Each structure stands twice: as C-alpha cells, then as structure tokens.
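The values are calculated or read from the model by the stated rules, or taken from the named source; none is laboratory data. No experiment lies behind these values; they were computed from the predicted model shown. Please note that ligands, DNA and RNA were not included when accessible areas were found on the heavy atoms of the full protein model with its side chains. Shrake-Rupley method; radii C 1.70, N 1.55, O 1.52, S 1.80 Å.
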Amino acid sequence: MPKGGRKGCHKGRVRQYTSPEEIDAQIKAEHEKAREAELEESGDGVPKDPTAEKKDTGSSDESDEDDDDYQQKRKGVEGLIDIENPNRAAQASKKVTQIDLEGPKELSRREREEIEKQKAKERYMKMHLAGKTDQAKADLARLAIVRKQREEAAKKKEEEKKVKDPPGAAAKGLQSMSLNK
C-alpha cells in the first residue's frame with residue numbers, strides 16, 4: 001500500500017507491453033477456433049465429443065427414431081396443447097409492387113382516437129349552439145335571470161327619478177344652470 005494508506009493509481013506503475021509475437025499467436029489461435037467451430041457445424045470435420053461419435057456410427061433408422069421421440073416428448077404442457085405462437089412467425093416483407101397506395105390507409109390507434117375526439121367536439125359545439133346540451137340550457141337560464149334583474153333595476157331607477165324630480169322641475173333646473181354662466 002502506498003504512503004498515507006491510499007490505494008495506488010495506475011499512473012505510477014511500470015507499464016507492460018505485449019510483444020508482436022504474442023499478438024500474432026493470439027490471432028492464430030482465434031482463427032483456429034473459428035475454423036473448428038465451422039467444421040463442427042457443417043458436419044465435415046471430426047466431432048470432438050464421444051456422444052456425437054456414437055450417433056454418427058449408428059444407422060440412419062436410429063436417428064429417425066430419436067427425432068420422433070423428441071417430437072413426442074415435449075416439456076410441460078406443450079404435449080397437451082398444440083398452439084402455434086403468432087409472435088414467433090416471421091412477418092413476410094412486401095415488395096414495392098405489391099403495396100396498394102390507392103386503397104384505404106390504416107390509421108394508428110392514436111390517430112383514430114384524435115379524429116374521434118375532434119368529431120365529438122364539433123358535434124357538441126353544434127348542439128351547444130342549438131341550445132340542446134345541459135350546459136347550454138343552464139347558460140340560457142342564467143342569462144334570462146340576469147336580464148330580469150337588469151330590467152327590474154332599470155325600472156327602479158326610473159321610478160326614483162320620477163319621485164325625486166317632478167317633470168317641470170327638471171326643465172327649470174336646466175334654465176337656471178344656463179343663466180348662471
């Protein structure tokens with residue numbers, strides 16, 4: 001441990017370099033492993049595990065039986081239920097010539113919901129303007145109440161003016177103001 005009880009850092013250490021010969025040896029080893037894997041997959045090479053040798057030495061009839069046994073023996077509930085997984089099937093790609101541009105375009109769920117929302121809003125506004133919605137009826141009722149209150153207030157003001165000023169007094173007041181210039 002370095003001074004002060006702190007852990008060391010990589011900067012003060014001696015660097016170790018890999019020689020070019022070691023690098024070449026590593027690359028060759030990787031290539032050999034890749035070749036061996038290819039030979040095992042293709043079946044041309046000599047298999048390395050002893051169970052594989054036993055399968056190759058046996059007749060072709062035995063291998064067919066092994067395949068049948070494997071298909072019959074399935075894990076869990078697979079043997080009871082025969083359902084093909086729709087997610088597993090690869091979707092076939094379409095060619096450009098097969099695409100139908102003139103046909104109706106399929107909309108996504110969000111696009112359909114957005115269009116439905118706009119149509120519903122337009123329908124609501126039309127009904128609201130016609131006075132058929134609950135909110136429109138409540139607004140019209142409030143408006144009628146406000147109009148009645150304003151009419152009553154206007155009538156009261158007129159009556160108060162008539163009571164305070166007789167009709168002739170108002171005319172005399174105007175003449176006196178014009179004389180007082």
Per-residue ³J(HN,Hα) for the stretch 121-131, Karplus 6.51 cos²θ - 1.76 cosθ + 1.60, θ = phi - 60°, Hz, x for Gly and Pro: 5, 5, 4, 5, 5, 4, 5, 5, 5, 7, x
VAL96 - accessible surface, heavy atoms, 1.4 Å probe, Å² rounded to 10: 130 Å²
Residues with amide H under 5 Å from that of ASP165, placed H, sequence gap 5 or more: none
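How much length, in nm to one decimal, is gained on full extension between LYS148 and LYS121, taken as 0.36 nm per residue of separation minus their Cα-Cα distance?
Stretched out fully, the LYS148 to LYS121 stretch lengthens by 6.5 nm.
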